[in-house]
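**Q** Sending over a structure as structure tokens; questions will come in a sec.
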Amino acid sequence: RTNHHWQQSSATPEQTPPRSQTLCTSREAYERAFPLYKQPVEVGCFSLDSQRRFFSDSRQMRYYVEPDRSPNFDLSDGYRERYVKRDENVKEKLDHILRWIVANRSKLKSKLSPDASCPLDFDFVTWRGHLTKLLTTPYETREGWLLAVTRFNGTLYISEVETEAARRERENRPERNQQMMYWGYKFEQYMCADKTYSEPDPSGVVNTNEAFCTVVQTRLTDHKLLFSGEVDCRDKDPDAPPPPACYVELKTSAEICTPKQRSNFHRFKLLKWWAQSFLPGVPRVVAGFRDHDGIVVSVETFQISKISQLIKNEYNCWKPTVCMNFCCDILSFVKREATEDNPSVVYLFSWEPHRDVTYSVHRDSQYSFLPDWYIKEMTC
Ligand code: 0WD
Ligand code: CA
């Protein structure tokens, strides 16, 4: 009984180690059991038209059309004459998602009562693409990130800020890379029809302003999430399962000719593809493998649920559990550190490869991203 004294004293505040203001990103730290990730549920969708105008409906939905196994699509066709490119200098931040929330508030359950419209019953609101970056962080060796976080009515909003390095790269993008970006969109045009009963129209214009986005809710351990992601197309079979299970993600990739190329494809490409589609519960990726001239030489379907099996023979390969546990822990870190509930305060989380995650706090700065119309609409 007497030797209990020293144990008690070890719990005094002075001897509790200070909680770290940084978060480790090394893989080994996240090798534990797979965390609870609830099956994502689609709660709505929206569309952005050829002029990037928002509509709270599915007018930009497209339908997957099964191609030949060796289709010979020319992905460069129309690059000079039939290409309308979205203005990448316009930073939309979370605006489209916030517009969707305002337009669909009555559908979303509130924390207080079913009819109260605020606060929202979510811990985090963000783009799927931002979560993809978090999932792949323990394996990323090239590009860092900056994420602005604001706590408002108890919900944490996460919006990416372009890094200086990313801006420089975007502004100095070689012509070849510009063309390769077009290839991805052109592949979508070869593979998708506008109506369930129509065929793809490769003679049309490729306009990257157009988008169809799903809005899903899910939970990662104790984090309630609401996020939106762009969806390429859906299965046109009327008996297909409901969204997001009927959605199809389209990708292009260089054809695989050597064991080294196959290994790199497994280690780097499949990580990105898995993370992006696993998050919203999109079950398959259809990949067009193209040669150096942008001709699609083969098309292959990857089931997201089978990717972890596919990569298991790869030495020192990525693991889904590391990705999900890191995401869970960084969301806990953000929740713990971003405490001031104020729409004009931004906690800027920053990460560079081989470093810990750190953050800084900014009041009424260039980083504030919640628009006045949203704050006004959601203040009750
Ligand atoms: O302004 C910004 N900084 C951002 C805008 C950053 C991130 C996203 N967005 C918005 C846009 O409104 C876009 O419609 O992102 C939407 C797509 O969001 P997401 O699904 O969360 O993004 P992600 O998973 O990274 O990309 C999905 C697709 C890409 O397809 P591939 O197969 O390449 O992964 O969305 C496209 C692209 O086709 N895309 C974008 N479209 C517009 N703006 C952007 C972007 N910044 N990034 C990817
Ligand atoms: Ca795609």
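**Q** Exactly one condition in (1) without any contact (Cβ under 8 Å) to a residue 60 or more places away in the chain; (2) within 11 Å of ligand 1 (Cβ to nearest atom); (3) in contact with a strand residue (DSSP E or B) (Cβ under 9 Å, 6 or more places away or on another chain) is false for PHE187; which is it?
**A** Of the numbered conditions (1) without any contact (Cβ under 8 Å) to a residue 60 or more places away in the chain; (2) within 11 Å of ligand 1 (Cβ to nearest atom); (3) in contact with a strand residue (DSSP E or B) (Cβ under 9 Å, 6 or more places away or on another chain), the odd one out for PHE187 is (1).
**Q** Out of (1) away from ligand 1 (no atom under 12 Å from the Cβ); (2) crowded, with 22+ Cβ neighbours inside 10 Å, what's the single condition that is false for TYR247?
**A** Answer for TYR247: the failing condition is (1).
**Q** Another one. (1) touching a strand residue (DSSP E or B) at 6+ places or on another chain (Cβ under 7 Å); (2) within 23 Å of ARG170 (Cβ to Cβ): which one isn't true of GLN51, the others all being true?
**A** Status for GLN51: all satisfied but (1).
**Q** For THR196, only one of the following conditions fails: (1) surrounded by 16 or more Cβ atoms within 10 Å (Cβ to Cβ); (2) part of a loop (DSSP other than H, G, I, E, B). What is its number?
**A** So the condition that THR196 fails would be (1).
**Q** Just a yes or no: is a residue in the stretch 12-22 in a loop (DSSP other than H, G, I, E, B), modelled with pLDDT of 95 or more and touching a helix residue (DSSP H, G or I) at 6+ places or on another chain (Cβ under 6 Å)? Explain how you work it out, then say what you get.
**A** Here is the first cut: in the stretch 12-22, the residues in a loop (DSSP other than H, G, I, E, B) are 12, 16-22.
Next, from what is left, pick out any that are modelled with pLDDT of 95 or more: 21-22.
This time we only want the ones that are touching a helix residue (DSSP H, G or I) at 6+ places or on another chain (Cβ under 6 Å), so: none.
No: the stretch 12-22 contains no residue that is in a loop (DSSP other than H, G, I, E, B), modelled with pLDDT of 95 or more and touching a helix residue (DSSP H, G or I) at 6+ places or on another chain (Cβ under 6 Å).
**Q** Within the stretch 199-214, how many residues turn out to be within 11 Å of ligand 1 (Cβ to nearest atom), touching a Ser or Thr at 6+ places or on another chain (Cβ under 6 Å) and in a strand (DSSP E or B)?
**A** 2
**Q** Sticking with this structure for a sec: Suppose we filter the stretch 224-236 for residues that are surrounded by fewer than 21 Cβ atoms within 10 Å (Cβ to Cβ) and in contact with an Asp or Glu (Cβ under 6 Å, 6 or more places away or on another chain); how many remain?
**A** 1
**Q** Is it true that some residue in the stretch 221-239 is basic (Lys, Arg), within 16 Å of ligand 2 (Cβ to nearest atom) and in contact with a Pro (Cβ under 8 Å, 6 or more places away or on another chain)? Break it down stepwise before answering.
**A** If we filter the stretch 221-239 for residues that are basic (Lys, Arg), which is where we start, we get 224, 234, 236.
Narrowing further to those that are within 16 Å of ligand 2 (Cβ to nearest atom): 234.
Of the ones still in play, those that are also in contact with a Pro (Cβ under 8 Å, 6 or more places away or on another chain) are 234.
Yes, because at least one residue in the stretch 221-239 is basic (Lys, Arg), within 16 Å of ligand 2 (Cβ to nearest atom) and in contact with a Pro (Cβ under 8 Å, 6 or more places away or on another chain).
**Q** Give the number of residues within the stretch 216-244 that are more than 14 Å from ligand 1 (Cβ to nearest atom) and under 24 Å from PRO138 (Cα atoms).
**A** 7
**Q** For residues that are surrounded by 16 or more Cβ atoms within 10 Å (Cβ to Cβ) and modelled with pLDDT of 95 or more, scanning just the stretch 57-70, find the one that is farthest from LYS186 (Cα to Cα).
**A** Ranking the candidates gives SER58 first.
The values are calculated or read from the model by the stated rules, or taken from the named source; none is laboratory data. These numbers come from a predicted model, not from an experiment. Because the Cβ atoms are built from the backbone with ideal geometry, glycine has one as well, and the counts that use them run over all protein chains shown.
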